[in-house]
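Read through the structure below, which is laid out as structure tokens, and then see the notes.
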Amino acid sequence: MLRQSRRGTTVLWGALAGLLAAAGGVGASMLLAALLGGTSSAYALGDRVIQFTPGWLKDFAVEKLGEKDKLVLLISVFAVVAILSALVGVLATRRLVPALVITGVLNLVALASAIFTSLGVEITVASVVPGLVATVVSVALLWLLGRSWRRTGGSGASAPAGFDRRVFLGAALASGGVAVVGGGASQFFGKAGEASRADVTLPAATTKAKPIPRGTALDIKGITPYMTPNSTFYRVDTALQVPQLDADTWRLRIHGMVDNELQLSFRDLLDMDLVEDRITLTCVSNQVGGQYAGNATWLGVPMKQILERVGVRSGSDAMVSTSADDMTITTPVKALTDDRNALLAVGMNGQPLPLEHGFPVRMVVPGLYGFVSATKWVTDMELTTFSDASTYWTKRGWKDQAPIKTFSRIDTPAAFSQVSGEVPIAGVAWAQERGIEKVELKIGDADWVEADLATEDSIDNWRQWVYRWKPAETGQSGNVSVQVRATDKTGYTQTSDRVPPRPDGATGWDSRTLVVS
Ligand SMILES: Nc1nc2c(c(=O)[nH]1)N[C@H]1C(S)=C(S)[C@@H](COP(=O)(O)O)O[C@H]1N2
Ligand SMILES: [Mo]
């Protein structure tokens, strides 16, 4: 009996020792990352997990977990690290040296993930030191904690023996202290972007957006609002921690196949002629019926103007933009220099870009899915060719040419709603750069009927639509299916063929069943 409960106690204390050593290590790495402006090795590990997650699993996560995908990932990584640390702690109560070796190796894996970034090998003080210190700290703490058993000398592997409480307590306090200080420092320095954003005052646009025409917004309950507020604008990116950039030190370098390399500061951008424009942004991961689109007023410098200034050499057909968080995106030079209003944006709906949406500067290109155009936290642009460019998404099987596909979605009524009398069936449709020509519904077995379209703002904005259905007039009852399809101004009508988002955007008709009572 006694032996058993003692063994249980040893396991518990061992697990606790393992957790404490790990917490100390993570805390130390966060503290140094905050001080050196790098990433803590714990987050780097999460980043690498994202990088090496198979494409299908990533697609699944984005689809099923939506914007919580990163939170779920972080919690999972931390849970795995915690379980491993507890197990190593238990091992340490029996065999200290192997436990120390395993701790070292696990830490070095995390360190490696800070060094081998998605862009290649990056050996800098900020990428190496946090992981190295974390390794030393967690090995040292585990050794100290482990010694609290050894001191009083257990008599054999299964003998728990009263351990040295003083040593244990000291080491535990040290771990806790480092963890708290590290976490606090990373919170404190982690707010740098928000502080910088609060200091920014955007100048008025030289070219204002034209007023929103009357009739772009239909008065129907449950329809997607015509303009999307920043707070509800969809967010898609691979950043585990939102990059905290300082507008004062931000620089954008434009180089490669250009006549004159250029480096711009945030001030330089604000001093240029700013243009305001409403553009509907869309994600390639949007499913049939999906919510990954938003319509905002953007403020920025036309990319065309910037590229004229650097002088793009003939033969360059692609621009690779890189963000502060190492995202790389290839965009056709043509889309950045033709008449569409591709912007290097600093403002969103009258405010500096929110941190999650790319503060201080991002790209917005009408007509192209975000993954080939909308680089947030952008810091580098290289003019090159498609044959030389190899960037994040294209390496993962997505296309590098990805114009937004013509799309329509039913917003209301909800699926399986009980309906009667006159029922407004309504939603949005988009075909950026081409414009929406018509939206049609197929209700039950009846022929396609045309919906009323809200006033068009521009071809780069989505358009609301409504069809006022009177089931009694058509004699329809019970479960009735409703399908929607849009036709754009080139005459193309959405295909019913269902394809998934990868490699260049989903197709298929949105549909739902309504119950006529
Ligand atoms: N730095 C960075 N920029 C990025 C991404 C990213 O993962 N990292 N994702 C792109 C994708 S796939 C889309 S759809 C848009 C989404 O922009 P939003 O989050 O502001 O809606 O950002 C683009 N820009
Ligand atoms: Mo996207």
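Remarks
- Each 20 Å bin, from zero up to the one with the longest distance, holds this percent of the alpha carbon pairs of the chain: 20, 43, 26, 10, 0.
- Among M327, A342, L281 the positive-end extreme of the charge dipole of segment 230-396 (Cβ point charges): L281
- The shape of segment 2-190 can be summarised by an equivalent ellipsoid whose semi-axes, obtained from the alpha carbon gyration tensor, come to 32, 19, 14 Å from longest to shortest.
- Ranked for footprinting exposure by Cβ neighbours inside 10 Å, fewest first, D447, D199 give D447, D199.
- Each residue of segment 203-208 was assigned a 3J(HN,Hα) from its phi angle through the Karplus expression (A = 6.51, B = -1.76, C = 1.60, θ = phi - 60°), giving x, 5, 6, 6, 10, 6 Hz with x at Gly and Pro.
- Long-range amide H partners of T379 with built H, under 5 Å: T322, S323, A324
- A simple charge model with +1 on the Cβ of Lys and Arg, -1 on the Cβ of Asp and Glu and nothing else charged puts the dipole of segment 2-190 at about 1060 debye relative to its Cα centre.
- For segment 407-516, a crude dipole built from +1 on the beta carbon of Lys and Arg and -1 on the beta carbon of Asp and Glu, taken about the Cα centre, is about 300 debye to the nearest 20.
- Think of segment 2-190 as a dipole: +1 on every Lys or Arg Cβ, -1 on every Asp or Glu Cβ, centred on the Cα centre; then among V109, L132, S175, S175 lies furthest on the positive end.
- For segment 253-376, alpha-carbon Rg relative to the globular expectation (2.2 N^0.38 Å, N residues): 1.02
- Helical segments meeting 24 Å axial Cα length and Kyte-Doolittle -0.5 threshold in the chain (DSSP H): 2-36, 69-94, 96-115, 125-150, 165-189
- Ranked by how many other beta carbons lie within 10 Å on average, peptides 248-259, 449-460 from highest: 449-460, 248-259
- 3J(HN,Hα) along segment 390-403: 9, 10, 2, 6, 5, 5, 9, x, 9, 6, 8, 10, 9, x Hz, from the Karplus curve 6.51 cos²θ - 1.76 cosθ + 1.60 with θ = phi - 60°, whole Hz, x for Gly and Pro.
- The charge dipole of the chain, taken about the Cα centre with unit charges on the Cβ atoms of Lys, Arg (+1) and Asp, Glu (-1), comes to about 2720 debye, rounded to the nearest 20.
- Under the Debye formula (equal points on every Cα, no solvent term), log10 I(q)/I(0) of segment 87-138 at q = 0.20, 0.25, 0.32 Å⁻¹: -0.68, -0.86, -1.14
- Relative contact order of segment 387-517, pairs being alpha-carbon contacts under 8 Å that are 6 or more residues apart, as %: 31
- Relative exposure of E433, E473, E356, judged by other C-beta atoms within 10 Å (fewest first): E473, E356, E433
- Protection proxy ranking for 99-112, 287-300, using the average of other Cβ atoms within 10 Å per residue and placing the highest first: 287-300, 99-112.
Bear in mind these aren't lab numbers, they're just calculated from the coordinates by the rules spelled out. Quick caveat, the model's predicted, so the values are computed rather than measured. Don't worry about glycine lacking a Cβ; one is built from the backbone with ideal geometry, like all the others, and counts go over all protein chains shown.
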